[in-house]
1. Please verify whether K162 is of a type in the set (D, E, K, R) and touching a residue at least 40 places away in the same chain (Cβ under 8 Å), treating the condition exactly as stated.
2. Within the range 87-112, can you find the residues that are of a type in the set (S, T, Y) and surrounded by 18 or more Cβ atoms within 10 Å (Cβ to Cβ)?
3. How do the helices (runs of 4 or more DSSP H) wholly within the range 31-144 filter down when requiring 2 or more residues that are of a type outside the set (K, R) and under 25 Å from F169 (Cβ atoms): which remain?
4. F166 fails exactly one of the following numbered conditions: (1) touching a Phe, Trp or Tyr at 6+ places or on another chain (Cβ under 9 Å); (2) surrounded by fewer than 23 Cβ atoms within 10 Å (Cβ to Cβ). What is the number of that condition?
5. For the range 248-266, enumerate the residues that are surrounded by 16 or more Cβ atoms within 10 Å (Cβ to Cβ) and not hydroxyl-bearing (S, T, Y).
Amino acid sequence: MINNKQRQKVIGGLMIIPSLSVIVVITMFVIINTFMESLGYIPELSFNNFTFKYYKELFSDPVFLNSLYYSFKISLVSSVIATVLGSYLGYYISKSRNKFINVLYRLPILLSYVAAAVLIYTTYSDKGLLFHIISLLGFSNININLIFNSKGIAVILLNIFKGMPFIAFSVVPIFMKVNKNYRFIAQNLGCTRFQYIIKILLPLAKRAIFTSFLVIFNFNMFTYEGFYYLGPSNPISIGVYAYKTYLNADLSNRIYGMAINMIMIIISLILCVLYYKMIKDNRQEEVRE
């Protein structure tokens, strides 16, 4: 016999099948079409042969390898900083009872990456808001232009601005729950605040922190807007490189663009599998407890 709880789960699953099937079909069509074109099969452009030579040429192309490395480096640095600062912000929010702060820190999540990029540009460009503030303080000869910097500083600032509140949003519920259950006991046992954070809070929230890190790392690595509006023209990110390659006047380069897209899809799928595995292991541990 099926109880009411199981019946509700079945009904809920049946209700989402129509919308889910549309998403799955469209996604699979895009992936399959991308894969076929990345192998050189584009009948509209008179390319009718399947071959892996485009992948081989990409992995021997120094421009592509530099783009992949540059995107990985910027994403890793910005994601690590955003995770550390976001975890601290989440700890602070979990202790604060100020409703205004509790709403304010979520606002960057609601902003699109284009809007956030414009905000970073108007703040840190050579004649931006920060320049005028420093000029009012009497320092007029300081160059603070961080836009189009070869080290990707503006892109890192954008990723931190968007990633830090996401990390905080993910860990705040855990910190609030842990604070209620463990803080009083830890203090009675002589645990300092630093020991309480390192030995109790962070271990209990490590899965949420790491899975959130995977989400922002995956997005930051292949995002287009931040690198395009704030990043340098050399080195170029892999997302911008794929876009420019696909729109090249030489239509044969479209195959290379689709191959780059397919490489990004494969890397993203690997990160998604790792994310799913961690979520699944976490649920199994909760069931055992």
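Only the coordinates and a few stated rules stand behind these numbers; no lab work does. Just so it is clear, the model here is predicted, and its values are computed rather than measured. No Cβ is skipped: glycine too gets one built from the backbone with ideal geometry, and neighbour counts run over all protein chains shown.
1. Yes, satisfied.
2. Pass one, the range 87-112, residues of a type in the set (S, T, Y): 87-88, 91-92, 94, 96, 105, 112.
Within the range 87-112, S87, Y91, S94, Y105 meet the criteria.
3. Counting at least 2 such residues, we get 62-95, 99-104, 107-110, 113-124.
4. F166 satisfies all of (1) touching a Phe, Trp or Tyr at 6+ places or on another chain (Cβ under 9 Å); (2) surrounded by fewer than 23 Cβ atoms within 10 Å (Cβ to Cβ) except (1).
5. Kept after step one, since they are surrounded by 16 or more Cβ atoms within 10 Å (Cβ to Cβ), are these residues of the range 248-266: 254-265.
Listed by number, the residues that qualify are R254, I255, G257, M258, A259, I260, N261, M262, I263, M264, I265.
Yes or no, residue by residue, for (1) surrounded by 15 or more Cβ atoms within 10 Å (Cβ to Cβ); (2) aliphatic (A, V, I, L, M):
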{"position": "P18", "(1), (2)": "no, no"}
{"position": "S21", "(1), (2)": "no, no"}
{"position": "M28", "(1), (2)": "no, yes"}
{"position": "F35", "(1), (2)": "yes, no"}
{"position": "F50", "(1), (2)": "no, no"}
{"position": "K53", "(1), (2)": "no, no"}
{"position": "K56", "(1), (2)": "no, no"}
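Conditions tested, residue by residue: (1) part of a helix (DSSP H, G or I); (2) in contact with a helix residue (DSSP H, G or I) (Cβ under 6 Å, 6 or more places away or on another chain); (3) touching a residue at least 12 places away in the same chain (Cβ under 8 Å); (4) not hydrophobic (A, V, I, L, M, F, W, C).
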| site | (1), (2), (3), (4) |
| --- | --- |
| I198 | yes, no, no, no |
| A205 | yes, yes, yes, no |
| A208 | yes, yes, yes, no |
| V215 | yes, no, yes, no |
| F219 | yes, no, no, no |
| Y228 | yes, yes, yes, yes |
| I236 | no, yes, yes, no |
